[in-house]
Amino acid sequence: MKDVHSSVAFGYAANLYGLSFEAQSVSGEDLGSANTVGFDVGVLGTLRGRTRFGFFMKNINNPKMGKTDTEDLPQWFTAGVAYDPYGGVTTSLEMQKQDDEDVRTCFGVEADVNDYVTIRAGLQNHPNRVSAGFGARWQAVRIDYSYTSHAVLPGSHHFGLGVAF
């Protein structure tokens, strides 16, 4: 749906999950394999081209894995808003709720330094983390890097390489 000042988009996905054990248990039982399908839905709205809001629900059908001892796959709900105060800068606030966990709040900012470089930073709680990174693009090629801290575990480095067609 779209008009002069706003738009709303709806999306959905089906995910095939598979698990296979290529070994036997200590007692000699074949551990086997299992498959299931999970469904996701989401909505994204834009207001006057500067404000975006949306929500996303993962595994809304409560898929289970296993035959005798079934395990529920995680379900979560995410809602957020992004605002572009001026060209080349985006701020975002997101709330995530997964199963019985506490609500996670995430805040981020992204700014275009020039036509080729973008810098990013973010904060989240549960666990408390700080992240920072950059993206570089040249013609159809994009390279991304970010570092994310963790309260207990060592930090993580994330690299990305993409080509836009």
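The values are calculated or read from the model by the stated rules, or taken from the named source; none is laboratory data. Because the structure is a prediction, the values reported are computed rather than measured. Reconstructed Cβ throughout: ideal geometry from the backbone, glycine too, with neighbour counts over all protein chains shown. When the accessible area is computed, the model is the full protein with side chains, heavy atoms only, and any ligands, DNA or RNA have been set aside. Shrake-Rupley method; radii C 1.70, N 1.55, O 1.52, S 1.80 Å.
Observations, loosely collected:
- Among the residues of region 1-53, those identified as surrounded by 13 or more Cβ atoms within 10 Å (Cβ to Cβ) and among the aromatic types (Phe, Trp, Tyr) are Tyr17, Phe39, Phe53.
- Residue ID - modelled with the lowest pLDDT, chosen from residues in region 54-73 that are of a type outside the set (A, V, I, L, M) and open to solvent by less than 50 Å² (accessible area, probe 1.4 Å): Gly66
- Here Thr91 meets each of (1) open to solvent by 70 Å² or more (accessible area, probe 1.4 Å); (2) more than 23 Å from Ala164 (Cα to Cα); (3) touching a residue at least 12 places away in the same chain (Cβ under 8 Å) with one exception, condition (1).
- Whichever residue in region 42-78 is touching a Lys or Arg at 6+ places or on another chain (Cβ under 9 Å) and among the aliphatic types (A, V, I, L, M) and, among such residues, is nearest to Ala121 (Cα to Cα): Leu44
- In region 76-92, the qualifying residues are those that are within 13 Å of the chain's Cα centre (by Cα) and at pLDDT 95 or above, and the one that is farthest from Tyr145 (Cα to Cα) is Phe77.
- Out of Thr36, Thr51, Thr70, sole residue that is hydroxyl-bearing (Ser, Thr, Tyr) and under 25 Å from Phe107 (Cβ atoms): Thr51
- Each residue in region 104-129 was checked for being open to solvent by 80 Å² or more (accessible area, probe 1.4 Å) and part of a strand (DSSP E or B), and 3 of them qualify.
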